Amino acid sequence: MSKDSLMNTYSRFDIVFEKGLGSKVYDINGKEYIDFVSGVAVNCLGHSHPAIIKAINDQSNNLMHVSNLYWNTKQLEVAKKLCDYSDHDKVFFCNSGTEAVEAALKLARKYGKQNGRDQKNEIVYMENSFHGRTLGALAVTGQEKYQKDFMPLMEGVKSAKFNDIEDIKNKINENTCAVIVEPIQGEGGIVVAQIDFLKEVKELCKKYDALLIFDEIQCGMGRTGSLFAYEKFDVIPDVICMAKGLGGGFPIGAVVATQKVASAFVPGDHGSTFGGNPLGCSVALAVLEELMDKGVVNEVNEKSKYIINKVLELKNKYNVISKIHGMGLMLGIKLETDKSKVINKCIEKGLLLVGAGEDVVRIVPALNITKEEIDNGLDILDKVLYELCD
Ligand SMILES: *Cc1c(COP(=O)(O)O)cnc(C)c1O
């Protein structure tokens, strides 16, 4: 199969995938892999989940797309669910994570303009963050490697140190319209925000009438053991960005906000042709039903503990593991060896892992991964570390 027709935007592993079932995926040679990546926290119900297949089949027989010139039942239903499950009142639908961030940034700018002055347009973001690759989201992604070749980016942004409240105090002022934070930095290395840090950021946001935006694109949708990550930190943000797990593999993103904040948007301020299409929304409804009504979210903490305990056993055996950190099924194994060597050797033996930050491999499996699949995956990691330490 020729691979010459794609732009060179990814450094890909040389595997061509064809099929997936649960937490197993198969390449064109029929080789089986245990999937600890799940499309980077996307396939929250694993591959080929019957509820998702049914939603796509049923909805595509009825109505796949209709313009946002009109209402559609599925968009209304999933919006109502997201509001019921959160502490928020209004939803905007888009198709991806970076679009959710763009919508949140625009909402913050409009809110700032309405509630302050024209100068109330500054957005504070965190070092080492990841919010996406469009020019707005990239401007608040605090990693030079992603930004450097695309200057100039959006103006009016300021970076601050994650988990460093003194630094935020120096960066926030009357001109700040929003602070954007990942409660758990994903791409940056699975770095969990300190609860006190988020609480103090929330207070500062209140003081300066700036919006607190949580990017839960990776850490949301049940991954921490509650539907929204903010529930685990006991801090309610004004705006939440979500995508990835929301469609369980079907592209959909959303932003939820409180009534007060959302009212800044009026017709014409923002939009998306595909955002909130009936097909995507019916899949999101199916995902939410599995996560919440069928109890998949409730299994997360137990599986998390199970993985952590097994990795701690590996840590006792191999000193290349320096620690395991994270929350729920968003875990990072910090390594004292080249992470790509570990990832490559795991792939050879049939385990998919993805790196994060400098020296971390991520475990972000489907939330319904079975104990057997976890055992099989970690057995492969065990063998790989044994060979590397030899
Ligand atoms: C993946 C991710 C994004 C970007 O989402 P896309 O769907 O790739 O645009 C933004 N923020 C976080 C935290 C992410 O993990």
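The values are calculated or read from the model by the stated rules, or taken from the named source; none is laboratory data. Bear in mind the structure is a predicted one, so any value in this text is a computation, not a measurement. With ideal geometry, Cβ positions are generated from the backbone for all residues, glycine too; neighbour counts draw on all protein chains shown. What goes into the accessible areas is simple: the full protein's heavy atoms, side chains included, and nothing from ligands, DNA or RNA. Shrake-Rupley method; radii C 1.70, N 1.55, O 1.52, S 1.80 Å.
Observations
- For the set R133, R117, solvent exposure ranked by accessible area (probe 1.4 Å, protein chains only) runs largest to smallest as R133, R117.
- Cross-link partners of K158 among aspartates and glutamates (Cα-Cα below 12 Å; sequence separation of 8 or more within a chain): E122, E127, D167
- Relative to the current alpha-carbon distance between D379 and R117, full extension at 0.36 nm per residue lengthens the span by 88.5 nm.
- Restricting the calculation to alpha carbons of the range 202-342 gives Rg and Dmax of 18.7, 60 angstrom.
- The phi torsions of the range 325-341, fed into the Karplus equation with coefficients 6.51, -1.76 and 1.60 and a -60° offset, translate into couplings of 9, x, 8, x, 9, 10, 10, x, 9, 7, 10, 9, 9, 4, 5, 5, 5 Hz, rounded to whole numbers, with Gly and Pro shown as x.
- Packing, as the average of other Cβ atoms within 10 Å across residues, places the peptides 119-130, 216-227, 81-92, 1-12 in the order 216-227, 119-130, 81-92, 1-12, highest first.
- Candidates per GluC sites (Glu not before Pro) in the range 274-342, loop by DSSP, up to 15 other Cβ within 10 Å: E336
- Debye intensity ratio in log₁₀ form over the Cα atoms of the range 27-108, taken at each q of 0.17, 0.24 Å⁻¹: -1.03, -1.36
- Multiplying the residue separation of D196 and E302 by 0.36 nm and subtracting their alpha-carbon distance yields 35.6 nm.
- Rounded to the nearest 10 degrees, the inclination of helix 371-389 to the longest alpha-carbon principal axis of the chain is 70 degrees.
- DSSP beta bridges in the chain [antiparallel fraction, %, rounded to 5]: 65
- Cα radius of gyration and Dmax for the chain (Å): 20.8, 64
- Separation of the K206 and N8 label points, Cα + 7 Å toward Cβ, nm: 5.3
- Each peptide among 188-200, 64-76, 272-284, 237-249 gets the average number of other Cβ atoms lying within 10 Å of its residues, and from highest to lowest they stand as 237-249, 272-284, 188-200, 64-76.
- Greater than 22 Å apart at Cα, pairs in K294/K323; K199/K260; K202/K323; K106/K171; K148/K207: K294/K323; K202/K323; K148/K207
- Expressed as a whole percent, the accessible surface of the range 262-390 that belongs to carbon and sulfur atoms is 46, based on a 1.4 Å probe.
- Rolling a 1.4 angstrom probe over the range 134-220 with all protein chains present gives an accessible area of which 50% lies on carbon and sulfur atoms.
- Dmax and Rg, reported as Rg then Dmax, of the range 89-248 (C-alpha, Å): 14.3, 40
- For the range 330-385, lysine pairs with C-alpha atoms less than 14 angstrom apart, excluding pairs fewer than eight positions apart on the same chain, total 4.
- Proximity of backbone amide H atoms, modeled 1.01 Å from N, is registered between G248 and C44 at under 5 Å, excluding neighbours fewer than 5 places apart on the same chain.
- When every Cα-Cα distance of the range 264-376 is counted in 5 angstrom steps from zero, the calculated P(r) takes the values 2, 10, 15, 17, 15, 10, 10, 9, 6, 4, 2, 0 percent.
- Using the rule -39500 (n - 2.57) for each DSSP H run of four or more residues, divided by the residues of the chain, the 222 nm mean residue ellipticity is -11000 deg cm²/dmol.
- Nitroxide proxy distance, nm - points 7 Å out along Cα→Cβ at S322 and N68: 4.4
- According to the Cα-based calculation, Rg over Rh for the range 58-143 is 1.06, with Rh computed by the Kirkwood formula.
- Descending principal axes extents, the range 104-159, alpha-carbon based, whole Å: 35, 19, 15
- Spin-label model distance (nm) - K31 vs D359, 7 Å beyond Cα toward Cβ: 2.9
- Three principal axis lengths of the range 299-341 [C-alpha, angstrom, descending]: 32, 19, 14
- Under-5 Å amide H pairs with I321, H placed in peptide plane, nonlocal only: E336
- Solvent-accessible heavy-atom area per residue, rounded to whole Å², over the chain at 1.4 Å: 46
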